[in-house]
Amino acid sequence: MANVNAPMAGKLLSIDVKAGDKVKKNDPVATLEAMKMQIKVFAPADGTVAEIKAEAGANIDPSVVIMTLE
């Protein structure tokens with residue numbers, strides 16, 4: 001199981017996958033806005049999206065788990 005975390009603090013603009021989707025390492029899975037830039041969040045490993053733990057629009061930091069992969 002792998003956790004997907006934000007690379008930096010910011011606002012979570014979108015979650016680009018849903019539970020059950022298969023992803024490959026380095027696939028974009030979410031978009032974050034930080035310092036007026038849009039930053040893609042990438043899957044850290046191959047897997048299936050098990051659970052989405054954050055909502056679009058939320059302010060998050062790197063300690064927040066956005067989603068888990070199995």
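None of the figures in this text is laboratory data; all of them are computed from the coordinates on show. If you're wondering where the values come from, they're calculated on a predicted model, not measured in any experiment. Here the Cβ positions follow ideal geometry from the backbone for every residue, glycine too, while neighbour counts run over all protein chains shown.
Quick notes on this structure:
- The structure shown yields semi-axes √(5λ) of the Cα gyration tensor in Å, and of the options [x] 43, 12, 10; [y] 19, 11, 10; [z] 55, 12, 8 that calculated value carries the label [y].
- The chain, relative contact order in percent, only Cα pairs under 8 angstrom and at least six apart counted: 45
- Backbone geometry of the range 41-49 corresponds, through the Karplus equation with coefficients 6.51, -1.76 and 1.60 at θ = phi - 60°, to 3J(HN,Hα) couplings of 9, 10, 5, x, 7, 5, x, 10, 5 Hz, x marking Gly and Pro.
- Counting charges near residue 17 (Lys, Arg +1; Asp, Glu -1) among other residues having Cβ under 15 Å from its Cβ returns a value of -1.
- Taking the Cα centre of the chain as reference, the dipole from Cβ charges on Lys and Arg (+1) and Asp and Glu (-1) amounts to some 160 debye.
- Taking the charge dipole of the range 2-69 about its Cα centre, with +1 at Lys and Arg Cβ atoms and -1 at Asp and Glu Cβ atoms, the residue from 6, 56, 20 reaching farthest to the positive side is 6.
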